[in-house]
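Since the structure comes first, as structure tokens, the remarks are kept for the end.
The values are calculated or read from the model by the stated rules, or taken from the named source; none is laboratory data. Note that this is a predicted model, so its numbers are computed, not measured. Side chains are part of the model used for accessible areas, which takes the heavy atoms of the whole protein and leaves out ligands, DNA and RNA. Shrake-Rupley method; radii C 1.70, N 1.55, O 1.52, S 1.80 Å.
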Amino acid sequence: MSSKADAVFVPLNIAVLTVSDTRTFETDTSGQLLVDRLTEAGHFLAARVLLKDDLYKIRAQVANWIADDTVQVVVITGGTGFTGRDSTPEAVACLLDKQVDGFGEYFRQISATDIGTSTVQSRALAGLANGTLVCCLPGSTGACRTGWDGILAEQLDNRHRPCNFVPHLKKAEPCGPRG
């Protein structure tokens, strides 16, 4: 990672949404991995929600976070597959002001090392809405690790060069103590 040595880290307020018909907070290893990674990086957990795979409930939750002046990033895990119940991309895409096409493209590229051609079935996506970055990752813990470690850790760090998402996000007061 290239970074600007004299820049001061800016912690972000990040909400985590797990979309699953079967998981609970106790069994949600993907959501927990994201919470652990974001707090270890120095960011704040703004909220954590677990929803059944329901297009309108997902859309409503994400829309509320987009409208919330304190939430700067939403990371969603789950609901990106091809089953009849998987509806996260459809729920989120219409809320975005701008899609970040490179997010899904790069996620699939770095996933190929682990899952080979199965990466073509990934419907990972990201975009900006009202100064909020919204990222949709598959529901597996491995996919969340790949997405955070391979993309989000750098792109949510204002010191990363030549560019990162932080200048494009709404300004917000920190949500509270880290951890």
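Quick notes on this structure:
- A 1.4 Å probe run over the protein chains yields, for the chain, 48 Å² of accessible area per residue, whole-number rounding.
- The GNM of the chain, with springs linking C-alpha atoms under 10 angstrom apart, assigns the highest mean-square fluctuation among CYS135, CYS144, CYS94 to CYS94.
- Over all orientations, the chain has a Cα convex hull whose mean projected area works out to 9.7 square nanometres.
- Fully extending the segment from ARG145 to ARG161, taken as 0.36 nm per residue of separation minus the present Cα-Cα distance, adds 3.6 nm.
- Annotation: aspartates and glutamates with alpha-carbon distance below 15 angstrom to LYS170 (same-chain offsets under eight excluded): ASP68, ASP69, ASP97, ASP157.
- All C-alpha pair distances within the stretch 110-179, sorted into 5 Å bins from zero, spread as 3, 13, 21, 22, 19, 13, 5, 3, 0 percent across the bins.
- Rounded accessible area of VAL19 (nearest 10 Å², 1.4 Å probe): 10 Å²
- Nonpolar atom fraction for the stretch 125-179, defined as the carbon and sulfur part of the 1.4 Å probe accessible area, stands at 55 percent.
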